[in-house]
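The structure under discussion appears below in the form of structure tokens.
The values are calculated or read from the model by the stated rules, or taken from the named source; none is laboratory data. What you see is a predicted model; the values in this text were computed from it and never measured. Note: ideal-geometry Cβ built from the backbone for every residue, glycine included; neighbour counts use all protein chains shown.
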Amino acid sequence: MSKHALITKIRIVIADDHPVALSGVKTLIEQCANMIVTGIAASPRGVFQQLDKQQCDILVTDFSMPVQNEVDGIEMIRQIRLQFPMIAVVVLTAMKKAPLYTALLELGVRAIVNKDSDNGEIAQAINQAFNGLIFLGRSSAELMKMRQLITADDMHNKQHLSVRETEVLHFLSRGVSADGIARILHRSIKTISHHKRSAMEKLNVETDLQLMRYFAEKELDDVAPANIVQNSVMK
């Protein structure tokens, strides 16, 4: 029997250093029949304490909770992923920085939701993360897409790849599956697969391993030669 079959409700710890935001997220989650809040934290230290003692499937946490002498931001997320690898992380943030989103995804964060997003996106993010999928809120996805268009345009001039082909290669190089890329870029899986095949034909490579070696040899920063994984979801 699978883990999900044994769990009747998704168990969630939430963290935010602003009481109003914390209360708002708690209320939203409690309105979902398949979710239950098992712990609340208002600081990074509180997050680790709650994860240590509470049963938890999902951590929904603010990205920035600055407290003197406590880890915060990227370092907090990194330590959470190391100490509690089985807990899926959903990050709420007011920051709109594509490099930050990329760093969070590379650390294994399952979902990123901007604080100005629709309330329904939090529930969507939790459900997607619980099922092992990547989720970006609409404003987060749009920002990531804009950044990829800029970096992809530069690579297009070097490699004769289309912007969309380069976008797909960028996410594949970071271990995101075709299904995950389709959700991030709001395109069909068929379209994503087509862009990948087309790019590989232009680069004269036949396998994912050959594709990884190609970028390693060319030393292209934007499509890092690491973990090109087919049909898998970023952990």
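Computed quantities for the displayed model
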| item | result |
| --- | --- |
| Single condition Leu28 does not satisfy, out of (1) in contact (Cβ under 8 Å) with a residue 60 or more places away in the chain; (2) assigned to a loop (DSSP other than H, G, I, E, B) | (2) |
| Failed item in (1) over 22 Å from Lys96 (Cα atoms); (2) basic (Lys, Arg); (3) at pLDDT below 55, with Arg164 passing the rest | (3) |
| Those residues of the range 32-55 which are of a type in the set (S, T, N, Q) and free of Cβ contacts under 8 Å to residues at least 24 places away in the same chain, in sequence order | Gln49 |
| Flag for Leu51 being within 23 Å of Gln68 (Cβ to Cβ) and surrounded by 15 or more Cβ atoms within 10 Å (Cβ to Cβ) | yes |
| Selection from the range 11-25 of residues that are surrounded by 15 or more Cβ atoms within 10 Å (Cβ to Cβ) and assigned to a loop (DSSP other than H, G, I, E, B) | Asp16, Asp17 |
| Residue in the range 66-84 that is within 20 Å of Asn127 (Cβ to Cβ), assigned by TED's automatic domain parsing to the domain that holds Ala129 and touching a residue at least 40 places away in the same chain (Cβ under 8 Å) present | no |
| Residue within the range 60-71 that is polar (S, T, N, Q), surrounded by fewer than 17 Cβ atoms within 10 Å (Cβ to Cβ) and under 21 Å from Phe130 (Cβ atoms) present | no |
